[in-house]
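The next block holds one structure in the form of structure tokens; read it before the comments.
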Amino acid sequence: MVAKEARSPDREGPQQPQHSGTTAGLDGTVDQRFPPEPAGTTLLRAGAAAGSGLAQLLALPPYGLWYLAPLSATLLLLAVRGVRPRRAAWLGALAGAALMVPLIRWQAVFGFDVWLLIAAAETAYFIPMAVGIALAARLPGWIVWTSALWVAQELVRARWPLGGFPWGKLAFSQPDTPFTGYAAVGSSALVTFAVAATGALIAAALLRLWRQRRPDLPTVILMVVVAGIVAGGTLTPRLGSVEADRTVTAGIVQGNVPGVGEMDITGERREVLNNHVAATHELADAVAAGAHEQPDMVILPENASDIDPYRDADAQDAIQGAADAVDAPLLIGVTEVVGEQQREVQSVVWEPEEGPGETYVKRYLVPFGEYIPYRDFFTTFVSRLDQVGMDAIPGTDPGALDLGETRVATAICFDVAFDAPVRQAVAEGGEVLVVPTNNANYNFTGQSEQQLAITQLRAVEHGRAALVSSTSGISAVVEPDGSLSYVSAEAQRDIHVANVPAMQGHTPATSLGAIPEWAITLVGVGALAVGYVLQRRAKRGPA
């Protein structure tokens, strides 16, 4: 007899393919209940992850396809559902990069390296979120937990590092849409949760359709809930006790600057001041001619005077002359030098005849734009950052200022992207939101539209009209429902007078503050923690 050839282990029987798509448990071990994925699935998942980032990008201004925002959550969920954490991590990085790299391309004014460094830092937040979504998708109630993790990601990103950078939140894609109303109850966090939950419900419906091959009752119920969420956003603003007290006539001045889109955001400082003083005199002439109503107050932008008027007599005289000519208190953006090496970015109440009064100091400063963090370290590698001369220092007090007979809630430029400054200023009695800004660096890049969308959301969040005054566009008037009643052109001088309501009372969002954001975050993170503990206990129990 011929002896049978011994077979090595690698030749015994058909081998099960080793596939990185095998599902892992909450503790990272392989869960053998899930079969291997067919070839090509990795490419489909990568496409879905990239599509998630692109959908969120297109939902945000300047594109404004807001209805794609839920699709972003849908695609990311489908991309990472049923994969190991390490695969979810790189899928999350792909989604984050597809969003952040093009979204903040306006940062390239400081250099391509600065732009890509910030985009990479923002992308990193999507990695733990995607891992968390992949793990939470295995738990009962996953629609809620995965949606809450979007809020958790945005909470951290808006706070750390260097004070945070919340640009590109899901909520900021909803300036005037059926989802916007949720801001009046739970600030931007509840808007993000509603959008993400809608996307998760759509994902659940698609998964059922894939398995059942036809619509069934649970699928119909899922879509009814989607319709309910969308409809609910139109009703929530009515829950507050906000009402108009009177009408305020406000002037908005956009003086324009030389060299828009250049890194030197102030252009020629004296020329910038002269432009805004001249535009204020134009407004005064138009009022005298009957072309505009006499304003109760006039809003000028951030950096309207980048010359310290407390040290420069000519600048002070020019501003005083403008206030006297228009015969109304100005809110004007100035730079005040503090000591020899620092400065403050301020909005100052400037009264006719009386001169400067109350001041709000900008609280959230732009890293690498208004100050250089770890200056000695970064300027060693990026020498052009030395062009940012004096570092600005942040203020600490809410921007509630008395401007004539009206108390305004002031948020300077970057401030408006954060929940706290506007909320605290409204809580201190602000009746109208005012957002002086300097976007001269970023004209025609989409940044101005992105910031305006955030302001629209803030208007609904607190039930207040908002007045935006920019150096070179976009200046605007936002109604309390988030709609725009006036928008200026970019890179042009502009004056406008609007009648807006001075509002009394608080929305639930103003009263609750950060509670909804933290509560939703704890729901998502807590679900992961509970799931992990239960799975570990189950593995130690009887088979």
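The values are calculated or read from the model by the stated rules, or taken from the named source; none is laboratory data. Keep in mind the model is a prediction, meaning the values are calculated, not measured. Please note: Cβ atoms are built from the backbone with ideal geometry, for glycine as well, and neighbour counts cover all protein chains shown.
For the stretch 53-133, list the helices (runs of 4 or more DSSP H) that sit wholly inside it and hold at least 1 residues that are of a type in the set (S, T, N, Q) and on the phi < 0 side of the Ramachandran plot; which are they?
On the way: elements: 69-80, 85-103, 112-124.
Per the criteria, 69-80, 112-124.
I'd like the full set of residues that are surrounded by fewer than 24 Cβ atoms within 10 Å (Cβ to Cβ) and either in contact (Cβ under 8 Å) with a residue 60 or more places away in the chain or not in a loop (DSSP other than H, G, I, E, B) (or both), limited to the stretch 169-185. Full working, then the answer.
Pass one, the stretch 169-185, residues surrounded by fewer than 24 Cβ atoms within 10 Å (Cβ to Cβ): 176-178, 185.
Once the filter is applied, which keeps residues that are surrounded by fewer than 24 Cβ atoms within 10 Å (Cβ to Cβ) and either in contact (Cβ under 8 Å) with a residue 60 or more places away in the chain or not in a loop (DSSP other than H, G, I, E, B) (or both), the stretch 169-185 yields 176, 177, 185.
Looking at the stretch 520-532, is at least one residue in contact with a strand residue (DSSP E or B) (Cβ under 8 Å, 6 or more places away or on another chain) and among the aliphatic types (A, V, I, L, M)?
Start the filter on the stretch 520-532 by keeping residues that are in contact with a strand residue (DSSP E or B) (Cβ under 8 Å, 6 or more places away or on another chain), which leaves none.
Scanning the stretch 520-532, I find no residue that is in contact with a strand residue (DSSP E or B) (Cβ under 8 Å, 6 or more places away or on another chain) and among the aliphatic types (A, V, I, L, M), so the answer is no.
Take residue 65 and tell me if it is in the same structural domain as residue 153 (by TED's automatic domain parsing), under 25 Å from residue 155 (Cβ atoms), without any contact (Cβ under 8 Å) to a residue 24 or more places away in the chain and surrounded by fewer than 21 Cβ atoms within 10 Å (Cβ to Cβ). Give the derivation first.
Working: in the same structural domain as residue 153 (by TED's automatic domain parsing): yes; under 25 Å from residue 155 (Cβ atoms): no; without any contact (Cβ under 8 Å) to a residue 24 or more places away in the chain: yes; surrounded by fewer than 21 Cβ atoms within 10 Å (Cβ to Cβ): yes.
No; evaluated as a whole, the condition is false for this residue.
Scan the strands (runs of 3 or more DSSP E) fully inside the stretch 435-490 and keep the ones with 1 or more residues being free of Cβ contacts under 8 Å to residues at least 24 places away in the same chain and assigned by TED's automatic domain parsing to the domain that holds residue 332.
Numbers: elements: 466-470, 476-478, 484-487.
Counting at least 1 such residues, we get 484-487.
Please work out if residue 363 is of a type outside the set (Asp, Glu), farther than 15 Å from residue 303 by Cβ and touching a Pro at 6+ places or on another chain (Cβ under 9 Å).
Considered against the rule, which asks whether it is of a type outside the set (Asp, Glu), farther than 15 Å from residue 303 by Cβ and touching a Pro at 6+ places or on another chain (Cβ under 9 Å), residue 363 comes out as yes.
Of (1) without any contact (Cβ under 8 Å) to a residue 24 or more places away in the chain; (2) small (Gly, Ala, Ser); (3) closer than 21 Å to residue 255 by Cα, residue 529 satisfies all except one. Which?
Looking at each condition in turn, residue 529 falls short on (3).
Give the residue, chosen from 355, 339, 333, that is free of Cβ contacts under 8 Å to residues at least 24 places away in the same chain and either at positive phi or assigned by TED's automatic domain parsing to the domain that holds residue 284 (or both). Talk me through it step by step, then tell me what you get.
Values: 355 fails: free of Cβ contacts under 8 Å to residues at least 24 places away in the same chain; 333 fails: free of Cβ contacts under 8 Å to residues at least 24 places away in the same chain.
After applying the criteria, what remains is 339.
Which members of the stretch 278-318 meet the condition of being under 33 Å from the mean Cα position of the chain (by Cα) and closer than 12 Å to residue 350 by Cβ?
The answer is 280, 297, 298, 299, 300, 304, 305, 309.
Yes/no matrix, rows are residues, columns are (1) farther than 28 Å from residue 473 by Cβ; (2) polar (S, T, N, Q):
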| position | (1), (2) |
| --- | --- |
| 318 | no, no |
| 372 | no, no |
| 380 | yes, yes |
| 387 | no, yes |
| 398 | no, no |
| 401 | no, no |
| 404 | no, no |
| 414 | no, no |
| 422 | no, no |
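What tally of residues in the stretch 207-233 results from selecting those that are surrounded by 12 or more Cβ atoms within 10 Å (Cβ to Cβ) and either among the basic types (Lys, Arg) or not in a helix (DSSP H, G or I) (or both)?
Residues flagged as surrounded by 12 or more Cβ atoms within 10 Å (Cβ to Cβ) and either among the basic types (Lys, Arg) or not in a helix (DSSP H, G or I) (or both) within the stretch 207-233 amount to 4.
Tally the residues that are among the small types (Gly, Ala, Ser) and closer than 26 Å to residue 110 by Cβ, restricting the search to the stretch 333-371.
4
Just a yes or no: is a residue in the stretch 521-535 in contact with a Lys or Arg (Cβ under 7 Å, 6 or more places away or on another chain) and either at pLDDT 95 or above or in the same structural domain as residue 250 (by TED's automatic domain parsing) (or both)? It would help to see each step written out before you state the result.
Filtering the stretch 521-535 down to residues in contact with a Lys or Arg (Cβ under 7 Å, 6 or more places away or on another chain) leaves none.
No, the stretch 521-535 has no match at all.
Restricting the search to the stretch 401-440, which residues are among the charged types (D, E, K, R), closer than 16 Å to residue 167 by Cβ and in contact with a strand residue (DSSP E or B) (Cβ under 9 Å, 6 or more places away or on another chain)? Even if it seems obvious, please write down each step before you answer.
Just the residues of the stretch 401-440 that are among the charged types (D, E, K, R), to begin with: 402, 405, 407, 415, 419, 423, 428, 431.
Next, only the ones that are closer than 16 Å to residue 167 by Cβ stay: 415, 419.
Of everything in the stretch 401-440, just one residue is among the charged types (D, E, K, R), closer than 16 Å to residue 167 by Cβ and in contact with a strand residue (DSSP E or B) (Cβ under 9 Å, 6 or more places away or on another chain), namely 415.
If you check residue 376 against the conditions, is it surrounded by fewer than 24 Cβ atoms within 10 Å (Cβ to Cβ), acidic (Asp, Glu), at pLDDT below 95 and out of contact with any Asp or Glu (no Cβ under 9 Å at 6 or more places or on another chain)? Full working, then the answer.
Working: surrounded by fewer than 24 Cβ atoms within 10 Å (Cβ to Cβ): yes; acidic (Asp, Glu): yes; at pLDDT below 95: yes; out of contact with any Asp or Glu (no Cβ under 9 Å at 6 or more places or on another chain): yes.
Yes: the conditions hold for residue 376.
Would you please name the residue that is surrounded by the most Cβ atoms within 10 Å (Cβ to Cβ), looking only at residues in the stretch 430-482 that are under 16 Å from the mean Cα position of the chain (by Cα), closer than 28 Å to residue 244 by Cβ and among the small types (Gly, Ala, Ser)?
Here the residue is 459.
Can we say residue 133 is out of contact with any Lys or Arg (no Cβ under 7 Å at 6 or more places or on another chain) and either more than 17 Å from residue 91 (Cβ to Cβ) or surrounded by fewer than 24 Cβ atoms within 10 Å (Cβ to Cβ) (or both)? Before the answer, list the steps.
On the way: out of contact with any Lys or Arg (no Cβ under 7 Å at 6 or more places or on another chain): yes; either more than 17 Å from residue 91 (Cβ to Cβ) or surrounded by fewer than 24 Cβ atoms within 10 Å (Cβ to Cβ) (or both): no.
No; evaluated as a whole, the condition is false for this residue.
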